[in-house]
Amino acid sequence: MIWNYRAPWWLPSGNAQTIYAAKVARRYAGEKPRWGRERWDTPDGDFVDVDWRTDNVAVSDNAPLLVLFHGLEGSSSSHYAQAFAAEVQTRRWRMAIPHFRGCSGEINRAPRAYHSGDFEEVGWMLQRFRSQHRGPLYAVGISLGGNALMRWAGEMGQAAAQVVNGVASVCSPIDLTASGHAIDTGFNKAVYARMFLGSMKPRAMQKLQQFPGLFDPEALMAAKTLYAFDDVFTAPLHGFRNTHDYWGRASAKPGLSRVRVPALVLNARNDPFIPAHSLPTQNQVSRHVTLWQPETGGHVGFASGKFPANLKEMPWAVTEWMTQHG
């Protein structure tokens, strides 16, 4: 199966496709997906909150379970999460969205947050899902969540198949250095980086109130780029020397040649966050990895259908691929 997405003619650019999908396009038909929250205590004394879709009560316990890892500053309310929830309802699958630490609306307990290469956390979550679910288990990561998921798949190698039936990343910055610099430049810096920093800075300052002296607040508040923010906050809190070290070591791309479980890597070539030249080629990945690189789609865009468009096509394509390969 190959999915050849084409954006509607009235969404002519990657930026338009990105913003329209996030702000305007229909995410689901009918009622809004409903979630029930479950709190998991982590081995280090912290917690993560997992949202389960609760309005598909007729679904069998042994039906496939889709675990969706959200993107930077995302949650179960994100447009892509609701679009996947609608597709899961149609397929009569179960679905869970584990929130990275601090992303569920309540600040976490530990002197850390989450980051793009957090594959140990992804692995711990997936092992727990596997231990309590008997049916097929599929994992999808969006943007940051997809990089962390693919990083896990590369690290695990053959052992990943004991946990999941298949994995997929959607619009993930698997070369963090290339993507980080792209977000911090020009229009992207003025719009997207500013948007992310608008929520990341207050959350970091909450963390400083929990743990005085954790980082330099003046340097953090002065940060105008993700590079500067990561240099003050993300990198040192998670064991990296600096942003350069973090972006280099956390990127999933070098490990794609070690993936031994069915894996789909989907990236639009006009994604404003992810330069097309940084995307992997088939000779850089293992035979278990399928690359979809449509010319259009933006960053987690992929709106389709007549105006005002909907977000059904991409979740359908990803889950259909999983049923065929997982």
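The values are calculated or read from the model by the stated rules, or taken from the named source; none is laboratory data. Being a predicted model, the structure only gives us computed values, none of them experimental. Ideal geometry is used to build each Cβ from the backbone, glycine not excepted, and the neighbour counts take in all protein chains shown. We work out accessible area using only protein heavy atoms, side chains counted, and drop any ligands, DNA or RNA first. Shrake-Rupley method; radii C 1.70, N 1.55, O 1.52, S 1.80 Å.
Over every pair of different alpha-carbon atoms in the stretch 1-140, take the mean of 1/r and invert it; report that Kirkwood radius in Å. In the stretch 1-140 this quantity evaluates to 16.5 Å. Placing +1 on the Cβ of every Lys and Arg and -1 on the Cβ of every Asp and Glu, with nothing else charged, gives the stretch 44-142 a dipole about its Cα centre of roughly 380 debye.
Would you mind calculating the relative contact order of the chain from Cα pairs under 8 angstrom and at least 6 residues apart, reporting the percent as a whole number? Walk me through the intermediate numbers first.
Numbers: 663 pairs, mean separation 81.5, N = 326.
Reported relative contact order: 25 percent.
Here residue 277 and residue 44 are evaluated by their C-beta separation; at R0 = 45 Å the FRET efficiency comes out at 0.70.
Over 30 Å apart at the Cα level, from the set 32/207; 253/306; 201/253; 189/253; 224/306, are 32/207; 253/306; 224/306. How much of the accessible area of the stretch 1-138, probe 1.4 Å, is carbon plus sulfur, in whole percent? With neighbouring chains kept in place, the figure for the stretch 1-138 is 48 percent. Averaging Cα coordinates gives a centre for the stretch 1-36 and one for the stretch 222-280; these two points are 24 Å apart.
Between 121, 155, 38, the GNM of the chain built on Cα springs shorter than 10 angstrom shows 38 fluctuating the most.
Dipole orientation for the chain: of the candidates 111, 78, 223, 78 has the Cα lying most toward the positive pole (charges on Cβ; Lys, Arg +1; Asp, Glu -1).
Straightening the chain between residue 13 and residue 31 buys 3.4 nm, computed as 0.36 nm per residue apart minus the Cα-Cα spacing.
Using the Cβ-Cβ distance between residue 161 and residue 284 with R0 = 25 Å, the FRET efficiency computed as 1/(1 + (r/R0)^6) comes to roughly 0.75. In a simple Cβ point-charge model (Lys, Arg +1; Asp, Glu -1; nothing else charged), the stretch 224-310 has a dipole of about 280 debye relative to its Cα centre.
Using only the Cα atoms of the stretch 155-255, build the gyration tensor, take square roots of its eigenvalues as a ≥ b ≥ c, and label the shape rounded, prolate or oblate: rounded if a/c is under 1.5, else prolate if a/b is larger than b/c, else oblate. Judged from the Cα gyration tensor, the stretch 155-255 comes out prolate (a/c at least 1.5, a/b above b/c). Oblate is the label for the stretch 91-181, because a/c, from the alpha-carbon gyration tensor with a ≥ b ≥ c as root eigenvalues, is 1.5 or above and a/b does not exceed b/c.
Annotation: amide H of residue 290 within the under-5 Å range of 263, 264, 265, sequence separation 5 or more or interchain, hydrogens built in the peptide plane.
Let me know the longest stretch in the chain that avoids all chymotrypsin sites (Phe, Trp or Tyr not before Pro) found in a DSSP loop with at most 14 other C-beta atoms within 10 Å.
On the way: sites that count: 9, 10.
Result for the longest clean stretch: 11-326.
Computing FRET efficiency as 1/(1 + (r/R0)^6) for residue 257 and residue 323, where r is the C-beta to C-beta distance and R0 is 25 Å, gives about 0.45.
Relative to the present Cα-Cα distance, how much length would full extension add between residue 92 and residue 194 at 0.36 nm per residue of separation?
32.9 nm
Considering helices alone, the calculated mean residue ellipticity of the chain at 222 nm is -9500 deg cm²/dmol, with DSSP H runs of length four and up weighted by -39500 (n - 2.57) and normalised per residue. Using a ≥ b ≥ c from the Cα gyration tensor of the stretch 237-298 (square roots of the eigenvalues), is it rounded, prolate or oblate, where a/c under 1.5 gives rounded and otherwise the larger of a/b and b/c decides, a/b for prolate? Verdict is oblate for the stretch 237-298.
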